[in-house]
């Protein structure tokens, strides 16, 4: 989705990439993560072992909330900086890819909120095709809960991606065209 929007000239900011950046070696968030979760989630080179961390936080809601409380403020600061940079560069469309866009309070700053979803079977198949561990997949899906039921009420658009890649790209193109037309109408 983000790649397609970028093809149309959007500045795309991926919160997952920002989360990886703020948890990279040398980042201040690592000390807080180590203090909360211990040395067992770090590799021998002191890098964060994401699989070990996932095994700790996804089955434990409190641990997940604690991790989010450590990581999200750092991600938000970088995201705000990325948005400001895109605005300074003259971007007419800025797309933020973030699983916690609504929960993180970012949705209120957006002109539109697109909920991108697929059926559980499709999600499992896609993750399996990428080599994800089946147990990890189930924990992550369970931790997300029913995203559509939870987030559809605040979404401007809901895009289901269960179909072919071509159908998904066509839906993104149509949604972007509609959003831009709506913006022009509001400005005119």
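Structure data summary
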item: The chain: relative contact order as a whole-number percent, Cα under 8 Å and 6+ apart; result: 27
item: Kirkwood Rh and Cα Rg combined as Rg/Rh, the chain; result: 0.98
item: Over the chain: helical MRE at 222 nm, DSSP H runs n ≥ 4 each giving -39500 (n - 2.57), nearest 500; result: -18000 deg cm²/dmol
item: Exposure proxy ranking, count of Cβ atoms within 10 Å, fewest first, for 116, 154; result: 154, 116
item: Net length gained if the chain between residue 52 and residue 164 were fully extended (0.36 nm per residue, minus Cα distance); result: 37.0 nm
item: For q = 0.16, 0.18 Å⁻¹, Debye-computed log10 I/I(0) when each Cα of the range 77-141 counts as one equal scatterer; result: -0.73, -0.81
item: Distance-filtered residues of the range 104-135 - backbone nitrogen under 15 Å, label point 7 angstrom along residue 150 Cα→Cβ; result: 104-107, 115-118, 120
item: For the range 2-187, share of DSSP beta bridges that run antiparallel, in % to the nearest 5; result: 10
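The numbers here are math on the coordinates, done by the rules we state, and not lab data. Source: prediction; values computed, not measured. Positions of Cβ are backbone-derived with ideal geometry, glycine not excepted, and every protein chain shown enters the neighbour counts.
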